1. Identify the single condition in (1) crowded, with 17+ Cβ neighbours inside 10 Å; (2) closer than 22 Å to residue 180 by Cβ; (3) in contact (Cβ under 8 Å) with a residue 24 or more places away in the chain that residue 89 does not satisfy, given that it satisfies every other one.
2. If the requirement is being surrounded by fewer than 19 Cβ atoms within 10 Å (Cβ to Cβ), at pLDDT 95 or above and not in a loop (DSSP other than H, G, I, E, B), which of these qualifies: 104, 114?
3. Going by the conditions given, is residue 61 part of a helix (DSSP H, G or I), out of contact with any strand residue (DSSP E or B) (no Cβ under 6 Å at 6 or more places or on another chain), modelled with pLDDT of 95 or more and crowded, with 20+ Cβ neighbours inside 10 Å?
4. Take residue 76 and tell me if it is on the phi > 0 side of the Ramachandran plot, part of a loop (DSSP other than H, G, I, E, B), at pLDDT 90 or above and surrounded by fewer than 16 Cβ atoms within 10 Å (Cβ to Cβ).
5. How many residues does region 144-190 hold that are free of Cβ contacts under 8 Å to residues at least 24 places away in the same chain, under 20 Å from the mean Cα position of the chain (by Cα) and outside any loop (DSSP other than H, G, I, E, B)?
6. Does residue 172 fit the bill of being modelled with pLDDT of 95 or more and on the phi > 0 side of the Ramachandran plot?
7. Being under 17 Å from the mean Cα position of the chain (by Cα), closer than 24 Å to residue 74 by Cα and at pLDDT below 90 is true for just one of 27, 32. Which residue is that?
8. Would you mind stating whether residue 84 is under 23 Å from residue 163 (Cα atoms) and over 11 Å from the mean Cα position of the chain (by Cα)?
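The values are calculated or read from the model by the stated rules, or taken from the named source; none is laboratory data. This one's a predicted model, so the numbers in the text were calculated from it and none came from an experiment. Every residue, glycine among them, receives a Cβ derived from its backbone with ideal geometry; neighbour counts consider all protein chains shown.
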């Protein structure tokens, strides 16, 4: 296990060196992310601090990890990035400015990476989870209103997300690249 801030290039390079020692690298999953709440009504200095921290954690980290690992990924490898339904909805309430922008950026970055890495037969896709209960970010939330808007009638689980990621990393998804895969119980169709 290698812990660290993946929005820091030195940490990313140390992680790459550690993982490379284990053998060929065939997959990368970019799942670092934290929710940050800022509003236009915040003080300008506070809003900017939250913006910078949120974009570093949720978007810059995907760029740094991908730019470090892509050159060493085996031909036929796969990258899966994790976005959020918030990239499309703007959030379930006010205050998701930076988070929504960062996750929308992850999706745009995914599309560009898919095109760039296709000649090396590396697929790049993005998972777009809806509300997932019992994560470090959502513990303590009143989920009743969020679950009420999910046609399948429940919040997502870590296993729901992991199953979709596992499929995108599998040989069954070798002809899927540059796609957003919503995993949201029907909370948003299309």
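1. (1)
2. Values: 114 fails: surrounded by fewer than 19 Cβ atoms within 10 Å (Cβ to Cβ).
Unique residue meeting the criteria: 104.
3. Working: part of a helix (DSSP H, G or I): yes; out of contact with any strand residue (DSSP E or B) (no Cβ under 6 Å at 6 or more places or on another chain): yes; modelled with pLDDT of 95 or more: yes; crowded, with 20+ Cβ neighbours inside 10 Å: yes.
Considered against the rule, which asks whether it is part of a helix (DSSP H, G or I), out of contact with any strand residue (DSSP E or B) (no Cβ under 6 Å at 6 or more places or on another chain), modelled with pLDDT of 95 or more and crowded, with 20+ Cβ neighbours inside 10 Å, residue 61 comes out as yes.
4. On the way: on the phi > 0 side of the Ramachandran plot: yes; part of a loop (DSSP other than H, G, I, E, B): no; at pLDDT 90 or above: yes; surrounded by fewer than 16 Cβ atoms within 10 Å (Cβ to Cβ): yes.
For residue 76, the condition - on the phi > 0 side of the Ramachandran plot, part of a loop (DSSP other than H, G, I, E, B), at pLDDT 90 or above and surrounded by fewer than 16 Cβ atoms within 10 Å (Cβ to Cβ) - is not met.
5. Of the residues in that region, 5 qualify.
6. Numbers: modelled with pLDDT of 95 or more: yes; on the phi > 0 side of the Ramachandran plot: no.
No: the conditions fail for residue 172.
7. Numbers: 27 fails: at pLDDT below 90.
On inspection, the qualifying residue turns out to be 32.
8. Values: under 23 Å from residue 163 (Cα atoms): yes; over 11 Å from the mean Cα position of the chain (by Cα): no.
So residue 84 does not fit the description; no.
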